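Please treat every number below as a calculation from the coordinates, not as lab data. If you're wondering where the values come from, they're calculated on a predicted model, not measured in any experiment. For neighbour counting, all protein chains shown are included, and Cβ atoms are generated from backbone atoms with ideal geometry for every residue, glycine included.
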Amino acid sequence: MQLAWTGPGLKTRSPELRLGRELALRALYSVDLSDFAPHIAWMRCESSFFSEEEEEARGDEDHRLAEMSDEALAQARDIGRALLFAYWKHRLEIDGIIRGSSKRWKLSRMLPIERNILRLGTLELLMSVTPTRDVIYDCVELAKSFGDAPTPRFVNGILDQICQDNQITL
């Protein structure tokens, strides 16, 4: 199965793509835990992420926002929104692929952060816009930032299995 990317242009390993993924992850996590509609979760996520209080709470660790131009931030928002809605459009297929490749874990038993990183990673793997190794690397980095200690290894293993099961070249 291959999906077509209809969002903005993606520059591999760009700060815009990384921030867009993070925004999409935050919104997906919100949809997953709250049952908000995706557009509501997106609006809430976007407004809270870019609020002065949230930026202050993140402090110096998130200096990347200050270093990005308004155009780059707008592109990151566009990428995040496009990833969220692309997943939502293909959620049944993507969740089915994850279920099929995670032999020992039911999707419902995975931690929500793991489940949603896998959803974004699977979406990007199926779109074939970003190189496979970059998708996996960046998903593992998200897992390090947002998950527990075993989360990066778990995410790496499942995404690798998805590649094997779907003839996606590493």
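Computed from backbone phi with θ = phi - 60° and the Karplus coefficients 6.51, -1.76 and 1.60, the 3J(HN,Hα) list for the stretch 117-134 is 5, 4, 4, 5, x, 5, 4, 5, 4, 6, 7, 6, 8, 9, x, 3, 4, 5 Hz; x is used for glycine and proline.
Modelled label positions at Leu73 and Ala149, each set 7 Å beyond Cα in the direction of Cβ, lie 3.7 nm from each other.
Taking 0.36 nm per residue of separation and subtracting the Cα-Cα distance, full extension of the segment from Tyr137 to Ser34 would add 34.3 nm.
Shown here are the Rg and Dmax of the Cα trace of the stretch 90-170, at 11.2, 30 Å. Rounded to the nearest whole Hz, the Karplus-based 3J(HN,Hα) values (6.51 cos²θ - 1.76 cosθ + 1.60, θ = phi - 60°) of the stretch 72-80 follow the sequence 5, 5, 5, 5, 4, 4, 4, 5, x, with x at glycine and proline.
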